[in-house]
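The values are calculated or read from the model by the stated rules, or taken from the named source; none is laboratory data. All figures in this text were calculated on a predicted structure; none of them were measured in a lab. Virtual Cβ from ideal backbone geometry, glycine too; neighbours counted across all protein chains shown.
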């Protein structure tokens with residue numbers, strides 16, 4: 001293991017900020033580097049052709065290994081081995097823990113026979129009851145004990161990731177905040193009918209209340225007329241430029 005100077009790390013973060021990969025992937029690299037998340041991954045197709053992504057991972061002293069269509073990385077080589085093993089065995093509980101999700105959410109998800117149906121039902125419940133779902137960037141839907149409540153493991157994780165990113169890279173932080181707060185997750189049922197939305201701040205809102213947040217009439221027509229093969233979620237911008 002080697003240690004980089006503060007100036008070198010600052011230069012590396014600046015390179016990361018200008019890298020041609022999604023902002024969410026940049027944030028995840030910083031979270032792993034800072035020890036907030038044990039393991040993360042990025043789709044290989046998103047990695048830049050000149051391998052600058054790989055060079056940045058190496059400079060941050062993050063180990064990596066490829067598996068199928070993704071590149072997994074971590075500060076700990078043993079955790080990488082555990083993740084690949086979990087991927088092979090489809091051990092959802094171990095995968096969830098290595099991704100850093102709250103234990104209560106991981107346990108709930110890993111015991112389900114139909115995770116996809118569970119996620120759909122959780123979203124519909126959030127819409128129906130006006131629950132708040134921490135949705136900064138983590139790729140999971142909080143369990144019933146976390147959704148709609150304060151000071152939960154999901155909310156604490158959400159806050160930790162925000163603080164870390166804001167301190168490490170205000171540029172990436174503000175880019176992600178703007179992207180999240182200026183978008184809507186539209187939730188449709190299996191018949192392509194709109195059930196409601198999750199607003200930019202994570203609040204569930206049923207379809208009959210849409211006009212309170214969507215002022216663009218053309219966009220409203222699109223949302224209401226969209227016919228998906230659902231159940232599914234699409235993310236849209238609420239206002240046209």
Legend entry - Hits in the stretch 98-139 - residues which are surrounded by 21 or more Cβ atoms within 10 Å (Cβ to Cβ), closer than 24 Å to residue 78 by Cβ and at pLDDT below 75: 138
Legend entry - Selected residue (criterion: farthest from residue 33 (Cα to Cα)) from residues of the stretch 43-76 that are touching a helix residue (DSSP H, G or I) at 6+ places or on another chain (Cβ under 8 Å) and in a helix (DSSP H, G or I): 46
Inset, instruction - Could you please give the count of residues in the stretch 86-97 that are assigned to a helix (DSSP H, G or I) and exposed (fewer than 14 other Cβ atoms within 10 Å of the Cβ)? - result: 2
Inset, instruction - Name the one entry in 79, 19 that is part of a loop (DSSP other than H, G, I, E, B) and either in the same structural domain as residue 175 (by TED's automatic domain parsing) or surrounded by 13 or more Cβ atoms within 10 Å (Cβ to Cβ) (or both). - result: 19
Inset, instruction - Confirm whether residue 83 is in contact with a strand residue (DSSP E or B) (Cβ under 7 Å, 6 or more places away or on another chain) and more than 30 Å from residue 208 (Cα to Cα). - result: yes
